[in-house]
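Enquirer: Next up is a structure, given as structure tokens.
Nothing in this text is a laboratory measurement; each read-out follows from the coordinates by a stated rule. Owing to the predicted nature of the structure, the values given are computational and were not obtained by experimental measurement. Heads up, the Cβs are rebuilt from the backbone with ideal geometry, glycines too, and the neighbour counts pull from every protein chain shown.
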Amino acid sequence: MSPGPLATTGPADLGPRRSQDLLSREFREYLSSDPDYRRLDELQQKGWNNPEGDQYFNARRQKSASADRGGGKYALLRMMKNIGDQFNTKTGAFEISSAQPKVLDFCMAPGGFVSCALKYNESAKVDAFSLHPNQGGHRVLVDYGIKDERVTMVYKDVTMFAAEFGVPSSPEHHSRWKHLQQKWPYHTPHYDLVICDGAILPSSGYQDSFMIEINSMMTFRLINLFHEFSSVRLFKPPRAHAIKSSFYLLARNVQSDSQPCLEAMTLFKHIWEQTTFETISEATYRLCNEFSVERRPLSPELEEFGSRYIELARPLWNVQADALAAASFTKVTAAAPS
Ligand SMILES: C[S@@+](CC[C@H](N)C(=O)[O-])C[C@H]1O[C@@H](n2cnc3c(N)ncnc32)[C@H](O)[C@@H]1O
């Protein structure tokens with residue numbers, strides 16, 4: 001049996017449906033002492049038990065997929081720019097104090113966040129990647145290269161920079177590892193802002209990452225991990241992501257040389273190895289397993305970080321609960337499917 005991925009990216013719009021798999025009983029009980037969490041949980045249960053909830057989220061996904069293929073792709077750009085502006089108003093995520101801010105975006109297309117980074121820092125220099133549209137990625141719709149020399153962008157799959165992840169711990173991966181090596185094209189030694197809207201990787205300066213499923217135990221552990229080497233804030237776009245469980249994490253003052261950060265980097269490298277190769281080394285298995293399932297007792301972490309987590313998560317719970325309360329599929333509880 002191999003361990004599950006660090007953060008799920010499936011259509012878990014409402015949050016973890018198989019609560020018992022993703023939320024340990026202990027974690028769930030802990031959260032349930034909070035009235036705001038209980039309100040959200042009750043509304044989610046209503047949504048999960050009503051087939052109309054599935055229909056609603058399927059229709060939403062289809063609409064966004066077809067908009068993306070057709071002329072609606074500019075709508076995605078507009079939406080990302082709006083989210084970026086709201087993110088900045090709430091947290092100052094895009095305001096950088098250096099004279100010539102350096103920005104790295106791992107998953108740039110269509111380019112809303114890069115536009116925001118340049119809007120708030122006109123002299124910024126941006127290095128960016130995005131998955132090629134032929135491989136299922138979006139097209140970059142903002143200027144770069146000769147049209148805007150501040151932005152360098154190459155279509156690359158960021159998971160293929162094997163050398164950046166270090167030599168795999170399992171010798172049997174070495175031959176495949178060589179084939180995964182794309183050359184890192186940039187020479188910027190330090191970035192002030194790293195945007196991971198589609199990937200989760202630490203660096204120095206600021207980082208923001210898009211995450212799914214607040215309230216899964218793995219997300220709790222991941223936020224706690226970031227909390228150990230940075231100041232963490234969470235942001236949920238009030239319109240675009242209100243009804244879903246997704247949110248952004250902003251990590252400020254990243255202590256990139258600190259022991260917790262170095263340990264997190266090792267963990268992320270192992271997780272990359274685990275998700276890239278079919279077979280995994282024992283060390284990788286142990287690390288990922290410890291992080292992702294209930295092998296490590298949760299209570300010390302809850303004692304240490306639980307109340308801070310609730311403080312961070314409560315505004316997100318309330319935004320989602322208000323949106324769910326207004327949805328038709330939470331008004332009537334249909335019979336649970338047998
Ligand atoms: C939600 S969009 C990002 C939106 C972007 N932050 C903006 O502000 O416009 C996610 C992006 O990640 C890209 N992506 C997904 N997997 C990737 C990968 N392995 N390497 C690089 N880009 C990837 C997708 O093509 C898509 O453009």
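Enquirer: Mind giving me the FRET efficiency for Gln181 and Asp36? R0 is 45 Å, r the Cβ-Cβ distance, nearest 0.05 is fine.
Expert: Computed FRET efficiency for Gln181 and Asp36 comes out at 0.45.
Enquirer: To one decimal place, what orientation-averaged projected area in nm² is obtained for the convex hull of the Cα set of segment 28-100?
Expert: 8.7 nm²
Enquirer: Now, a different point. Please find the FRET efficiency linking Arg308 to Gln100, where r is the Cβ-Cβ separation and R0 is fixed at 35 Å, and quote it to the nearest 0.05.
Expert: Between Arg308 and Gln100 the formula returns 0.50.
Enquirer: Along Cα→Cβ, 7 Å out, is where each label goes; now give me the distance between the ones at Lys147 and Ser66 in nm to one decimal.
Expert: In this crude label model, Lys147 to Ser66 measures out at 2.8 nm.
Enquirer: Most exposed first by the Cβ proxy, i.e. fewest other Cβ within 10 Å, how do Lys90, Lys244 rank? Please report the intermediate quantities before stating the final value.
Expert: Values: Lys90 17, Lys244 22.
Ranked by crowding around the Cβ, least crowded first: Lys90, Lys244.
Enquirer: Also: By how many nm would the segment from Glu228 to Glu172 lengthen if fully extended, with 0.36 nm per residue of separation less the alpha-carbon distance? Can you show the working numbers first?
Expert: Working: separation 56, 0.36 × 56 = 20.16 nm, distance 3.32 nm.
Here the answer is 16.8 nm.
Enquirer: Which of Ile310, Leu141, Val154 sits farthest toward the positive end of the charge dipole of segment 72-322, with +1 on the Cβ of Lys and Arg and -1 on the Cβ of Asp and Glu?
Expert: Positive-most Cα among the choices belongs to Leu141.
Enquirer: Give the span of segment 72-322's Cα atoms along each principal axis, as three whole-Å numbers ordered largest to smallest.
Expert: 50, 49, 36
Enquirer: Tell me, what is the FRET efficiency for His132 and Arg252 to the nearest 0.05, using R0 = 35 angstrom and their Cβ-Cβ distance as r? Present the calculation step by step, with values, prior to reporting the outcome.
Expert: Numbers: r = 32 Å, r/R0 = 0.91.
Computed FRET efficiency for His132 and Arg252 comes out at 0.65.
Enquirer: What is the dipole size for segment 72-322, taken about its Cα centre, with +1 at each Lys and Arg Cβ and -1 at each Asp and Glu Cβ, in debye to the nearest 20? Provide the component values of the computation, followed by the final result.
Expert: Working: 26 positive and 28 negative charges, 147 e Å.
The dipole magnitude comes to about 700 debye.
Enquirer: Along its three principal axes, how long is segment 23-155 when you only count alpha carbons? Whole Å, largest extent first please.
Expert: 53, 37, 24
Enquirer: Continuing with the same structure: Could you work out how far apart the two model spin labels at Ala325 and Thr266 are, taking each label as a point 7 Å from the Cα in the direction of the beta carbon, and quote it in nm?
Expert: Modelled inter-label distance: 4.7 nm.
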